[in-house]
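Any read-out appearing in this document is the output of simple, stated calculations on the displayed coordinates, not a laboratory observation. As the structure is a prediction and not an experimental result, all values here were calculated from the model. Note that each Cβ is placed from the backbone with ideal geometry, even for glycine, and that neighbours are counted across all protein chains shown.
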Amino acid sequence: MTAALEETGLEQTAGAASEAAGKAAAMVRDSVKTVIAASMVGTAIEFYDFYAYGTAAANYFPHIFFSAKDNPTVALLMSLLTFAIAFIARPLGSLVFGHFGDRMGRKTTLVVSLMTMGVGTFLIGCLPTYEQAGVFAVAVLCLLRFIQGIGLGGEWSGAALVATENAPEDKRALYGSFPELGAPIGFFLSNGTYFVLESFNDQAAMLSWGWRVPFLLSAVLVIVGLVVRVHMEETPVFRMAQAQKKVVKSPLTEVFRKSWRQVLQATFLVAVTYTLFYTLATWSLAWGTKDTENGGGNLGFTNQEYLLMLMISICVFALFIVLSCLYADKLGRRRVLTFSSCALVVFALLFPFLLDGQLVGQKNFAANMAFLCIGFALMGIAFGPIGAFLPELFDANVRYSGSGIGYNLAAIVGAAFVPTIATWLSHNWGVHSVGLYLGVMAVCCLVSVLTCKETKDVDFTK
């Protein structure tokens, strides 16, 4: 009997050793360079594409696809409404790509989402104008914008998982900053492209062909991204889930059955960052460069001057993403996001004074740079820890679906209609109404943060 017990004990020890060895093998990670490139490139393309579209929608599409002669403000609002279409499509994309990402793996899904996104963006640059094709041109623009949104729906959550599921346990927020840093990179590239184009071309040339160039150039970024992602490995956490037979057949059903509360929390955690970003980047561009009759604030800046200010302030955004993630790994996600939410409420009440032409006058670079730099600093603090916090709210076998649905529902709640709503509010009620709008979103984020548990030390393999 003793011999039998010893043999059983040896078998159990061997089994445990074999399980540990299997777990160690499953946790083999890509190199840091590969993780950075694979996770960052998609988000960079996402923000490049969306901001290229946002800039074109604010400055060129009212003339190219809509009549700007009778009522320029209405033409601007109609143009900005097409901006919202991709955000409406994104939750659908997250349902599709999240399902396959949790069943087949992160790598394959990310490659397909990048291709979908890239094709939609490139073809926008090939569209005929309203004068050439009439309503057909507008219809195809909306269709391509929808396709863009489908691809983008599977992008961020997959990129965040590539980063965090390859991260050491004490550095998940720092690794989660890699896809977040794609945002200022894409923003800078998009702005830089428009800045260079407008430096060498007049308005007529930009309306004729210049607006197409940023969309066509996106093909270069997509090719680079595909090369990186085709050569990366599947994430170790997903390989472990496969080895332990934890992959579920219907991750979407599992998410809505067990994790609906986390989906709601994720939605409002992210929504304010979208509202802030497109207030800073898209609405303020129109407000700063257009006169009152055209839906602006009559601040007197040229488009080129405002783009330069945005390019400077976006560097502040990148810096504070990294700083906030370092503190999120040290102090916890909730503390950092609670601070950012409270600070955003204060900022929302005060920033309109910096953009009120009657108070600051025209071409007040100091006031406008203060608005942009403070806003983007708070954006970095609020946005940085999200890359780790959202995936940590969900179990490994439904993490792609859960974080993706929450993130992309936030795109509708916080971003889809921000430029349109902010333009309408500022045109009819003044710039202070835009501040109140942002303040309400910040309060929603604060409530969501306070209802979440701290996730810094959760077991990410479960």
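Phi angles across segment 163-178 convert, under the Karplus curve 6.51 cos²θ - 1.76 cosθ + 1.60 with θ = phi - 60°, into 3J(HN,Hα) values of 6, 6, 7, 9, 8, x, 4, 8, 10, 5, 5, 4, 5, x, 6, 4 Hz, Gly and Pro given as x. By the helix-only formula, in which each DSSP H run with n ≥ 4 contributes -39500 (n - 2.57) and the sum is divided by residues, the chain has a 222 nm mean residue ellipticity of -25500 deg cm²/dmol.
Convex hull volume per residue, computed on the Cα atoms of segment 174-321, equals 185 Å³. So, R0 is 35 Å and r is the distance between the beta-carbons of T129 and L450; what FRET efficiency does that work out to, to 0.05? E(calc), rounded to 0.05, equals 0.10. In order along segment 388-403, the phi-based Karplus estimate (6.51 cos²θ - 1.76 cosθ + 1.60, θ = phi - 60°) of 3J(HN,Hα) comes to 9, 5, 4, x, 5, 6, 10, 5, 4, 6, 10, 5, 4, 5, x, 5 Hz; Gly and Pro are listed as x. Dividing the Cα radius of gyration of segment 280-327 by 2.2 N^0.38 Å, with N the residue count, gives 1.45. With the convex hull of the Cα atoms taken as the outline of segment 369-449, the averaged projected area works out to 6.0 nm².
Measuring spread by the Cα atoms of segment 33-99 yields a radius of gyration and Dmax of 15.9, 53 Å.
Computed 3J(HN,Hα) for segment 270-285, one whole-Hz value per residue from the Karplus formula 6.51 cos²θ - 1.76 cosθ + 1.60 where θ = phi - 60°, is 8, 3, 5, 5, 5, 4, 5, 4, 7, 5, 5, 9, 9, 4, 5, 5, glycine and proline marked x. Its alpha carbons give segment 132-224 an Rg and a Dmax of 17.8, 57 Å.
For segment 141-185, the Kirkwood hydrodynamic radius from C-alpha pairs, put into Stokes-Einstein at 25 °C and a viscosity of 0.890 mPa s, yields a diffusion coefficient of 210 µm² per second. Over segment 337-379, all Cα pairs binned in 10 Å intervals from 0 give whole-percent P(r) values of 28, 50, 19, 3, listed from short to long.
With the crude spin-label approximation of a point 7 Å out along Cα→Cβ, what separation in nm comes out for W260 versus L359? In this crude spin-label approximation the distance works out to 4.4 nm.
To two decimal places, what compactness ratio does the chain give when its Cα radius of gyration is scaled by 2.2 N^0.38 Å? Intermediate results must be reported in sequence, preceding the final value.
Values: Rg = 23.2 Å, N = 462, 2.2 N^0.38 = 22.6 Å.
Its radius of gyration relative to the 2.2 N^0.38 Å reference: 1.02.
FRET efficiency for the L143 to W209 pair, using the beta carbon distance and R₀ = 22 Å, is estimated at 0.50. The percentage of C-alpha pairs in segment 328-427 whose separation is greater than 25 Å is 35%.
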